[in-house]
Amino acid sequence: MELQESTNRLVELIRHSQSPYHTMKEAISQLEKAGFERISLAESAALEPGKAYYVSIYDRSLAAFRVPQSGFKGFRIITSHIDNPCFMIKPNPERKKSDCITLNVERYGGPILNTWLDRPLTIAGRVCVATDDPFNPKTMLYNSKKPVAVIPNLAIHMNREVNKGVELKVQTDLEPIVSLIGAKENTQGWLLGKIAAELGIEADSILDYELFLCNGEEPSITGFDDEFLSAPRLDNLTSCQSCLNAIMDTEALSDICNLVVLFDNEECGSSSKQGAGSVILSSILEKIYLNTPDTDKSRTAFIDVMLHSLTASLDVAHAMHPNHPEKNDPTNPIPMESGVVIKMNYNQRYATDTNAVSIVEGICRAEKIAHTKFVNHGDAVGGGTLGSILSTSIPAMTVDLGVPILAMHSSRELMARSSQLAMDQFAEAFFK
């Protein structure tokens, strides 16, 4: 894959991924174009050797895999997450403030709050609509497509200390403006009315919703030599696209099952039925193995397969900030063009295993892929990842990797395009 194709694929995913549900839709579209067949999470059917399948996990997470050509020695698994820090719209959200309608929101994950101010914001997510069967409501995706909200700053004339740093309160300072009240005497239900009209349904048919405020800005290639990509949601759509590229652009192996899993809810701890902290991955792995023909169906045989497996958890890494190099480890700096970053923490906040790290190192050396190792500054505590969570639930060697970015958890982040290409190259090599 060349640099421009790598960037183009990532940019297209970002443009189509205003919410995790839209990321799911775009990922499924890519997989189906590549010939992957959908199977049901709740049903079992014989899998054909060499064939490619995907499964939607509660419409919130996704697994795609290629069945081995013959035999079944182990899994090679690449994981990522589809959610990002942002804001979600609460029930009954409309509030009248001055002459404006604002929306009551809840913080999702750990966003850098001030980066959401004064930006064009869209609304996207899903709504559930009543049907004749209460146990089977209809789900519809919603995307405002155009900016419909802004969270304005308070002018410096009214807040002279703003440049010294101001604490922002979600309930007080971060409610987005979406309309002028004007002649609207009753604003209750106003948002659902707008959404229902766009979806062509009745407002009172909407039972519930999960709607996100999203940065509506376009990704931009920046730098005098076009070195950078500035965009919303680089954490973690960079890894999602590398996962998809790897599973789509490689063929089934002889006795290894290649599998990618895109999880939701990483930014809020992964403790959901569709998150990495659940039993869902171990259940899917067992179902794949048991539904593959000519395998030993015993529990012991399945455990043996897991013990011959390897997991690569892909999530972004902290690039060295040029204005704050003191925040990085003094002997392990991470330039933006580092390529594949092997994320290490001996207290296991990242899944750190010498054997697994050495495999990644060996692949990168053999394929001449740019790479380096990351450790936190000795006086800092880093974030957690899917890798350390997954390594507690599946008995497979696990390693954490990522592309280095700046402004992680901002509403708009920055990366070197070459590092994305390096991660694409690694993920493909991992599956070969």
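The values are calculated or read from the model by the stated rules, or taken from the named source; none is laboratory data. Bear in mind the structure is a predicted one, so any value in this text is a computation, not a measurement. All Cβ positions, even for glycine, are placed from backbone atoms using ideal geometry, and neighbour counts span all protein chains on display. These area figures cover heavy atoms from the full protein model, side chains too; ligands, DNA and RNA do not enter into them. Shrake-Rupley method; radii C 1.70, N 1.55, O 1.52, S 1.80 Å.
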Only one of these is under 18 Å from the mean Cα position of the chain (by Cα), within 23 Å of His409 (Cβ to Cβ) and surrounded by fewer than 20 Cβ atoms within 10 Å (Cβ to Cβ): Arg107, Arg60. Name it.
Arg107
Mind listing whichever residues of segment 299-327 are more than 27 Å from Ile256 (Cβ to Cβ), open to solvent by 70 Å² or more (accessible area, probe 1.4 Å) and assigned to a helix (DSSP H, G or I)?
Glu326, Lys327
Look through Asp226, Asp235, Asp132 and report the one residue that is more than 20 Å from Arg412 (Cβ to Cβ) and either outside any loop (DSSP other than H, G, I, E, B) or at pLDDT 95 or above (or both).
Asp132
Here is a list of conditions, (1) over 24 Å from Ser205 (Cα atoms); (2) of a type in the set (Val, Ile, Thr); (3) in contact with an Asp or Glu (Cβ under 7 Å, 6 or more places away or on another chain), and Ile177 meets all of them except one; can you say which number that is?
(3)
Any residue at all in segment 262-270 that's surrounded by fewer than 16 Cβ atoms within 10 Å (Cβ to Cβ), within 15 Å of the chain's Cα centre (by Cα) and free of Cβ contacts under 8 Å to residues at least 40 places away in the same chain?
yes
Filtered residues of segment 170-229 (kept if in contact with a strand residue (DSSP E or B) (Cβ under 7 Å, 6 or more places away or on another chain), among the polar types (S, T, N, Q) and open to solvent by 20 Å² or more (accessible area, probe 1.4 Å))
Ser179, Gln188, Ser205, Ser220, Thr222
Against the conditions (1) in contact with an Asp or Glu (Cβ under 7 Å, 6 or more places away or on another chain); (2) open to solvent by less than 40 Å² (accessible area, probe 1.4 Å), where does Pro120 fall short? Just the number, please.
(2)
For residues that are more than 22 Å from Thr238 (Cα to Cα) and either of a type in the set (A, V, I, L, M) or modelled with pLDDT of 95 or more (or both), tally how many sit in segment 23-47.
9
Of the conditions (1) over 15 Å from the mean Cα position of the chain (by Cα); (2) open to solvent by 10 Å² or more (accessible area, probe 1.4 Å); (3) more than 20 Å from Asp304 (Cα to Cα), Leu253 clears all except one; give me its number.
(3)
Just to be sure, is Asn153 under 29 Å from Asp235 (Cα atoms), within 26 Å of the chain's Cα centre (by Cα), not in a strand (DSSP E or B) and not charged (D, E, K, R)?
no
Can you tell me which residue among Met415, Met408 is within 26 Å of Cys86 (Cβ to Cβ), at pLDDT 95 or above, open to solvent by less than 10 Å² (accessible area, probe 1.4 Å) and outside any helix (DSSP H, G or I)?
Met415
Kindly indicate whether any position in segment 372-390 is surrounded by fewer than 20 Cβ atoms within 10 Å (Cβ to Cβ), part of a helix (DSSP H, G or I) and either over 21 Å from the mean Cα position of the chain (by Cα) or free of Cβ contacts under 8 Å to residues at least 12 places away in the same chain (or both).
no
Within segment 336-365, work out how many residues are open to solvent by 30 Å² or more (accessible area, probe 1.4 Å), more than 23 Å from the chain's Cα centre (by Cα) and touching a residue at least 60 places away in the same chain (Cβ under 8 Å).
1
